[in-house]
1. Over the heavy atoms of K198, what accessible area does a 1.4 Å probe trace out, to the nearest 10 Å²?
2. What FRET efficiency do you get for T8 and H49 if R0 is 22 Å and r is their Cβ-Cβ distance, rounded to the nearest 0.05?
3. Which FRET efficiency, nearest 0.05, do T184 and E57 yield, Cβ-Cβ r, R0 30 Å?
4. Tell me, in nm to one decimal, what length is gained between V176 and V28 on full extension, where the rule is 0.36 nm per residue of separation less the Cα-Cα distance?
5. Say a paramagnetic label sat at a point 7 Å from the Cα of A65, along Cα to Cβ; which residues of region 179-198 have their backbone N under 16 Å from it?
6. At a 1.4 Å probe radius, carbon and sulfur cover how many percent of the accessible area of region 139-259?
7. Which order, highest average first, do 201-207, 158-164 follow once you tally other Cβ atoms within 10 Å for each residue and take the mean per peptide?
8. Given Cα pairs under 8 Å that are at least 6 residues apart, what percent is the relative contact order of region 138-216?
Amino acid sequence: MPIFTPSTIAFATAVEQIADAAGASADVEMRGRAFRSLQASLKYFNGRHKWVWLQQEANPIIVVAPFGVTITADASGVASASAASGHGLLVDDFIVGSGFVAGARVTAVSGAAGATAQIGFNANITGITAAFSGSVTAARDFYDWPSDFKQAYSFRSLGNLKPLWPAQRRLYDRGVTNEFTTGTPEWYDIFSHFQRGKVRLLPPPNAADVLQLRYYRRMSVPTASGTSSVLDIPDDYDFALIAWAKWHFLTDKKEARAEQATTWLNLANEGIRTMMADQTNLPDETLGFVKGPVGGWPPRGSTRGIAWEYS
């Protein structure tokens, strides 16, 4: 596998090169079109593969143990909460206690962590006919991914010295009846990632821990054409990224430049083939079976627990 170095071509310079494909680098409108073509090129290349230069290690993710909260509410269900310092409620925390249905989650929080805050829930507090006050337990099973997260590479629990495995959501739903009983996390679940931008630990953690995440990030797509940041691609491949953007730019123009556009597209495709060939697996990535625990869900070292029908 090659060792890559970042491109030295600034985003603004690439926009100028793309507009120059039609001799229009001095035209404001054409530079705007070239900018949009470069954005499209970055998004296209980003979706072609989990490129090795996009491998990233996230900052440690701190896991919070269940903590006590005092909830006060009136008959209309308007609630406030007070937690110990450093244990403020967050959106998506779930509540376990008298008056709360299973799966009741915090939907809104206003106020500083550790201080009394107004909170909202995704389910009404039950049985409230007058002022209500009581101590409950809050647990946190949803944790933020990095903002540039694309796909997990590895996910490990440092406190428990074990890897977390991706949950097969459908099989988990068939085999586990209560997702709100805390324990030692065995799995990470991305079912609600697009909805919440978070990863869920299953079962919910019953103790503090630290998670280590290695992942594939997304390529950076600047939002301003004049930015001075460099292209988010190795210098071995930036020609292919610009060539694809030139093809996109030329085919989007009114005048016919089909032959010129085809030349740039062929160059881009040749570059992509080279890029794909350079995604050489390292020796430690060879396939093999890992012996799993006896029993438990699902068996890790066997295909016995895989739902092959996908129906």
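1. It works out to around 30 Å².
2. Computed FRET efficiency for T8 and H49: 0.45.
3. Numbers: r = 23 Å, r/R0 = 0.78.
Using R0 = 30 Å, I get an efficiency of 0.80.
4. Extending this stretch completely gives an extra 47.4 nm.
5. 182-185
6. 50
7. Top to bottom by mean Cβ count within 10 Å: 201-207, 158-164.
8. Over region 138-216, the number comes to 45 percent.
The values are calculated or read from the model by the stated rules, or taken from the named source; none is laboratory data. Computed from a prediction, not measured in an experiment: that's the story for all the values here. All Cβ positions, glycine included, derive from the backbone under ideal geometry; neighbour counts span all protein chains shown. All accessible areas refer to the heavy atoms of the entire protein, side chains included, with ligands and DNA or RNA removed. Shrake-Rupley method; radii C 1.70, N 1.55, O 1.52, S 1.80 Å.
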